[in-house]
1. What translational diffusion coefficient, in µm²/s and rounded to a whole number, does the Stokes-Einstein relation yield for the chain at 10 °C and a viscosity of 1.306 mPa s, taking the hydrodynamic radius as the Kirkwood radius over Cα pairs?
2. Based on other C-beta atoms within 10 Å, arrange 84, 17, 221 from fewest to most.
3. Between rounded, prolate and oblate, where does segment 73-195 land on the alpha carbon gyration tensor, with a ≥ b ≥ c its root eigenvalues, rounded for a/c under 1.5, else prolate if a/b exceeds b/c?
4. Apply 1/(1 + (r/R0)^6) to the Cβ-Cβ distance of residue 217 and residue 84, taking R0 = 45 Å, and write down the FRET efficiency to the nearest 0.05.
5. Ranked highest first by average number of other Cβ atoms within 10 Å, how do 125-135, 63-73 line up?
6. Across every pair of different alpha-carbon atoms, what Kirkwood hydrodynamic radius in Å does segment 137-213 reach?
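Bear in mind these aren't lab numbers, they're just calculated from the coordinates by the rules spelled out. Computed from a prediction, not measured in an experiment: that's the story for all the values here. Cβ atoms come from the backbone with ideal geometry, glycine included; neighbour counts cover every protein chain shown.
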Amino acid sequence: MVNEISTTVTLAAEYNLIDGSQEYAYVITGANYVAGDPLFVNAAGANFHLQAGSPAIDAGSAVDAPNNDYEGNPRPVDGDGIGLAIHDIGAYEAAPKLSLSSTTTPDPVEATTKVITYTITLQNSGGITATGVAITSAIPNSTTYSSGGFFDGANVVWTGLTVAGNSSTSVSFRVSVTPPITNGDKLINAISASSAEGITASISANTVTVGVQSVYLPIVLRNS
Ligand SMILES: [Ca+2]
């Protein structure tokens, strides 16, 4: 950051972001710089992550750039969706942030359950769209594949998905239960996801325990 320059100098501003300093016209020369509000998430709160649309996204240089950002996340990531992974200017690389969750229908799965539908939700809590997303789920033990997604003989797979920033998408598949299952049995499957930006998420052992959920009613004491 340059706050004040008292003499006329030649300042090369290659691959930097310049916000509000171009009034000193004699100072700035160079090319490959961007200008404007960097669109930090919350600069006043020292949160210097970049919002979508920041001019700093994909505007940095790869020269001597580290392979990870300040948080250890991989860089560069394609942040503007044009298919080129380029470093961002600044401490943090704007990227999708993926996480997985899974639910079943019915819930709970009981010993008498014949068919289970698994619904997998992929959340992108980053500001950047995740493209080329693939989701892969193994078939849980004690079940056989029935429908949904593409079954390759071992896993159910979905490919070519797009998940916008701060949104989610859900996919589902159905399995038939291989009897017998009894209360306490655990149905376990591994689920993973990846995007073209090189972002991944996984649940190594998604576990559904067979059994009726307990319902606890309150006890009310009343003087009669
Ligand atoms: Ca980038």
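1. 75
2. By the 10 Å Cβ count, ascending, the order reads 221, 84, 17.
3. Prolate shape, in that a/c is at least 1.5 and a/b is the bigger ratio.
4. According to the calculation, E is roughly 0.15.
5. Peptide ranking by packing, descending: 125-135, 63-73.
6. One over the average 1/r among Cα pairs gives 14.1 Å for segment 137-213.
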